[in-house]
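Notes follow the structure.
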Amino acid sequence: MKMDFLQSAGLGIVAAVICLLLKQYRPEFALVAAVACGALLLLSVVSALSPVFSAMEELVEQTGVTPAYLQLVLKAFGICYLAQLAADTCRDAGQTAIAGKVELAGRAAVLVLSLPLFMEIAQTAVSLLQGV
């Protein structure tokens, strides 16, 4: 894992230097290089987190928790990382207002995704209170 991080950090530094050079001579390619690097780093992070996902699946199986909850968490995780990557790309392109809207859309997507879970928790709380 430590080596993976060092490789990711190195890739990020090299990509940043390449983007700076490209920005001087071919600015239209600098953004493409930044997006490509971001995608590679995202794939690296997801592959590095595969043991975490496996451990979470094992924990869900052992505890008997509904597997849909794990799917919800993983979807929210994906939305957060993709929204952050898209927002950072917008910032790199000088579009900070759009970046803010992308982050807002990501937050809204996670909220909508988690609404069924909130409803179930509320129904459980109400049924527990009615039983008292």
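The values are calculated or read from the model by the stated rules, or taken from the named source; none is laboratory data. Since this is a predicted model, take the numbers as computed values, not measurements. Cβ: placed from backbone, ideal geometry, glycine included. Neighbour counts: every protein chain shown. The accessibility values were calculated without ligands, DNA or RNA, using every heavy atom of the protein model including side chains. Shrake-Rupley method; radii C 1.70, N 1.55, O 1.52, S 1.80 Å.
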Roll a 1.4 angstrom probe over the protein heavy atoms and tell me the percent of accessible area of the chain that is carbon or sulfur. 73 percent
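Sorted by accessible area (1.4 Å probe), largest first, how do I18, I79 line up?
Values: I18 80, I79 50 Å².
Largest to smallest exposure gives the sequence I18, I79.
Using a probe radius of 1.4 Å on heavy atoms only, what accessible surface per residue do you get for the chain? Whole Å² is fine. Before the final figure, lay out each step's value.
On the way: 9460 Å² over 132 residues.
With the other protein chains kept in place, the chain gives 72 Å² per residue.
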What is the range 1-77 by shape, rounded, prolate or oblate, if you read a ≥ b ≥ c off the alpha carbon gyration tensor as root eigenvalues and call it rounded for a/c under 1.5, prolate for a/b larger than b/c, and oblate otherwise? oblate
Give me the angle, in degrees from 0 to 90, between the Cα long axis of helix 50-63 and the longest principal axis of the Cα atoms of the chain, rounded to the nearest 10. 0 degrees
So if each residue of separation counts as 0.36 nm, and I subtract the Cα-Cα distance between L113 and F29, what length gain in nm does that give? 26.7 nm
Suppose every Lys and Arg Cβ carries +1 and every Asp and Glu Cβ carries -1, with no other charges. What dipole size does the range 44-132 come out with about its Cα centre, to the nearest 20 debye? 320 debye
FRET efficiency for V126 and Q95 from the Cβ-Cβ distance with R0 = 41 Å, rounded to 0.05, comes out at 0.40
Projecting the Cα atoms of L31, M119, A87 onto the charge dipole of the chain, where Lys and Arg contribute +1 and Asp and Glu -1 at Cβ, the residue farthest towards the positive end is L31
Let a ≥ b ≥ c be the square roots of the eigenvalues of the Cα gyration tensor of the range 52-132; is it rounded (a/c under 1.5), or, if not, prolate (a/b larger than b/c) or oblate? oblate
